[in-house]
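Shown next, in structure tokens, is the structure this report addresses.
Readers should treat all values here as calculations from the given coordinates under stated rules, not as data from a laboratory. It should be emphasised that the depicted structure is a prediction, and the values quoted were computed from it without experimental measurement. Cβ placement follows ideal geometry from the backbone for every residue including glycine, while neighbour counts extend to all protein chains displayed.
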Amino acid sequence: MRHEIVHNKQVVEELKEKGAIFVDELSDIKDRNRPVIFSAHGVPKSVPIEAKLKNLTFFDATCPLVSKIHREVEFFDKKNYEIILIGHKDHPEVVGTMGQINDSKMYLVENIEDAKKINILNKEKVAYVTQTTLSVDDTSQIIKVLKNRFPNIKEPKKEDICYATTNRQEAVKKIAPLCDMFFVVGSKNSSNSLRLVEVAKKSGCINSELIPFNKKLPINSIIQCNKIGITSGASAPEKLVQDLIVEIKKYCSVSIEEVVLTKENVTFKLPKSLN
């Protein structure tokens, strides 16, 4: 597997136990008879080209929502737009998206300050796309600055931020103000998990933290709370959330209230080569 298939340590460790080998680059592969899987974050176009040159069998596990952004970038590029990508530098998804076209026509904006000072040559033909795992509120502020600076800027037909990311952030906004502590189950390198911690703090629960796989819980603090909020990153298995609840029950009397703001019924098909 080229890079972590998703940013969740338990998922990666379970795959390793089943025999999967993780590499940073295709050049790190020792046995070229083994098929390669590209991560859900997507890859630059140069990667499948390299795989073909090396005669590797490969499966592209890019999330369809990320692939949608790749198609948007291609569309804007064909229309000769300069493209702003709102995202985090060096995140695999951003690297993959930047690698869909000649990067001389793409500009990375990470925050409001970047949006205020970015220099675009052709201000009449500008478009933007976003990384799928960003904070909805922070991104909307960046977009507001860009629209003020470039009134004719083109936007995606549908919002780029992943529906699972958006739904979780909205739920956290509702729950966090009611809580004494708030836990986000997820990995340290998971962008959407880190954003959930930020959202919880901004929503009123300052005592919010990320709970990576196997992290020791702050039991002394937990037993002093009346209400604890729990959510998880989009790639965290449900079992990790249940394990957290089971651990808390060892020390406290617990009643559970599940807050549901929306039902998710989206499904994705397997790649044709696996059907």
- Task: Indicate the gyration tensor shape class of the chain (rounded, prolate or oblate), computed on the Cα atoms with a ≥ b ≥ c the square roots of the eigenvalues: a/c under 1.5 is rounded; otherwise a/b larger than b/c is prolate and the rest oblate.
- Result: oblate
- Note on the structure: Sorted by chain and then number, the residues having a modelled amide H within less than 5 Å of the amide H of residue 232, at least 5 places away or on another chain, are 185
- Message: Under the rule a/c < 1.5 gives rounded, and otherwise a/b versus b/c splits prolate from oblate, where does the stretch 163-249 land using the Cα gyration tensor?
- Response: oblate
- What residues have an amide H closer than 5 Å to that of residue 109, excluding those fewer than 5 places away on the same chain, when H is modeled at 1.01 Å from N in the peptide plane? 85, 86, 87
- For the chain, what does -39500 (n - 2.57) per DSSP helix run (n ≥ 4), summed and divided by total residues, give at 222 nm, in deg cm²/dmol to the nearest 500? -10500 deg cm²/dmol
- Item | Dipole magnitude (debye, nearest 20) for the chain, charges at Cβ of Lys, Arg, Asp, Glu | 460 debye
- Residue (of 164, 226, 127) at the positive-pole extreme of the stretch 127-233, dipole from beta-carbon charges: 127
- Item | Mean projection area, nm², convex hull over Cα of the stretch 64-161 | 5.5 nm²
- Could you please state, rounded to a whole Å, how far the C-alpha centre of the stretch 25-48 is from the C-alpha centre of the stretch 184-200? 27 Å
- Item | Total charge dipole magnitude, the stretch 9-60, about the Cα centre, Cβ charges on Lys, Arg, Asp, Glu only, Debye to nearest 20 | 200 debye
- Query: Mind listing the phi-derived Karplus ³J(HN,Hα) values for the stretch 53-68, rounded to whole Hz, using 6.51, -1.76 and 1.60 with θ = phi - 60°, and x for any glycine or proline?
  - Reply: 5, 8, 6, 8, 7, 9, 10, 9, 9, 4, 4, x, 6, 6, 4, 4
- Task: Taking the Cβ of residue 208 as the centre, find all other residues whose Cβ is under 9 Å away and add up their charges (Lys, Arg: +1; Asp, Glu: -1).
- Result: -1
- Item | Lys/Arg +1, Asp/Glu -1 at C-beta; the chain dipole; positive extreme among 57, 236, 256 | 57
- Task: Rounded, prolate or oblate: pick one for the stretch 9-60, where a ≥ b ≥ c are the square roots of the eigenvalues of its C-alpha gyration tensor, a/c under 1.5 means rounded, and failing that, prolate if a/b is larger than b/c, else oblate.
- Result: oblate
- Message: What number results when the radius of gyration of the stretch 1-156, computed over Cα atoms, is divided by 2.2 N^0.38 Å?
- Response: 1.16
- Note on the structure: Pairs over 24 Å Cα to Cα, from 105/154; 116/173; 154/269, come to 116/173; 154/269
